[in-house]
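Only the coordinates and a few stated rules stand behind these numbers; no lab work does. Keep in mind it's a predicted model, so treat the numbers as computed, not measured. Please note: Cβ atoms are built from the backbone with ideal geometry, for glycine as well, and neighbour counts cover all protein chains shown.
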Amino acid sequence: MTDNSLNGSIVHYESFPSGLVQARPVDVWLPEGHDASSNDRYPVVYMHDGQTMFDSANSPYAGTDWLWNVDKTMARLIQEERIRPSIVVSVWNLPRQQRRAEYMPQKPITDDAERLMIARESDLPGEEITSDNYLKFLVEELKPFIDKTYRTRSDKENTFIMGSSMGGMISAYAIAEYPDVFGGAACLSTHWNRGGDGAVIDWYKRHWPEAGSHRVYFDYGTETLDADYEPHQQQMDAIMRARGYRDGEDWITRKFEGADHSPRAWRERLHIPLTFLLGND
């Protein structure tokens with residue numbers, strides 16, 4: 001099903017099949033002017049929590065404040081020539097427990113991290129985490145389909161991943177696990193607390209890619225859940241520096257005073273990571 005608007009068009013796949021994870025809806029946003037017969041090719045941004053990305057008839061959140069309105073922001077930034085025309089692939093999440101199992105980085109949950117999770121009365125046992133299969137689904141099943149079906153630039157330099165909260169966790173994990181596939185990530189309000197009070201960050205000291213061919217964006221607010229994120233984000237920032245990333249050049253961490261943990265807050269600042277990853281500069 002295709003939904004056309006002044007903000008581009010959205011192709012909806014109601015049940016995208018997979019041999020690795022449970023089938024789910026996937027939306028593909030195409031910028032105005034995308035033409036299968038054209039020689040133009042486009043970068044691609046993969047986004048999690050897909051049912052909250054677009055105000056389309058298919059979304060259960062249509063018309064609510066839970067939407068990011070990615071299509072409107074993308075269309076505006078493209079029109080203003082602040083970013084390159086790009087394709088957005090939004091992958092819907094599954095019910096709550098499955099979402100957390102797919103978005104929690106799997107390899108960083110060491111015995112020490114799991115003990116901390118248990119101490120915090122986590123209801124996500126380590127053996128139930130399935131994020132390795134989720135990332136394989138994105139890389140080995142979904143991405144090849146997207147690259148075959150649409151006019152994409154399929155190389156690492158033009159393939160990005162983005163999410164918020166635990167979607168930020170899995171986006172960072174994707175860069176570490178598939179540094180040759182994803183050239184950039186945006187992690188908004190990354191929920192470091194879920195992984196044993198930030199214990200998962202230690203894993204990245206040994207597994208984060210060296211600087212030189214990636215762009216990474218982090219941010220956090222100061223209200224509700226975000227109020228606890230700053231110390232953990234500072235730990236991650238130290239790893240970025242140790243790996244050679246340069247603040248303001250190939251890496252950004254932004255603090256938003258007064259911002260809470262909500263789609264409204266992420267929607268209001270979405271233009272910043274999109275411009276950082278897709279900018280025309």
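Numbers below:
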read-out	value
Degrees separating the helix 166-177 axis from the principal Cα axis of the chain, which is the longest one	90
Dipole magnitude of the chain about its Cα centre (Cβ charges: Lys, Arg +1; Asp, Glu -1), debye to nearest 20	380
Helix-only CD estimate at 222 nm, as mean residue ellipticity for the chain, using -39500 (n - 2.57) per DSSP H run (n ≥ 4)	-8500 deg cm²/dmol
Angle in degrees between helix 230-242 and the longest Cα principal axis of the chain, rounded to the nearest 10	80
Nonlocal amide H pairs with Gln106, under 5 Å, H built at 1.01 Å	Ser131, Asp132
Modelled FRET efficiency - R0 45 Å, Asp228 with Ser37, Cβ distances, 0.05 increments	0.30
Using alpha-carbon coordinates, inclination of helix 70-79 to the longest axis of the chain, degrees	60
Rg over Rh [alpha-carbon atoms, Kirkwood Rh] for the stretch 2-278	0.94
Efficiency of FRET between Ile272 and Ala242 - r from beta-carbon atoms, R0 30 angstrom, step 0.05	0.75
Long-range lysine pairs (8 or more apart or interchain), the chain, Cα under 25 Å	13
Stretch gain in nm, segment Glu257-Glu81, where the contour uses 0.36 nm per residue and the Cα spacing is subtracted	60.5 nm
Candidates Thr190, Thr149, Thr130, ranked by Gaussian network fluctuation over the chain, Cα under 10 Å, top entry	Thr149
Whole-Å distance, taken between Cα centres, linking the stretch 38-58 and the stretch 221-254	26
Prolate/oblate/rounded call for the stretch 155-224, Cα gyration tensor, a/c under 1.5 rounded	oblate
Sorted by Cβ neighbour density within 10 Å, fewest at the top, the residues Leu274, Leu77	Leu77, Leu274
Ascending count of other beta-carbon atoms within 10 Å, so fewest first, for Tyr103, Tyr13, Tyr134	Tyr13, Tyr103, Tyr134
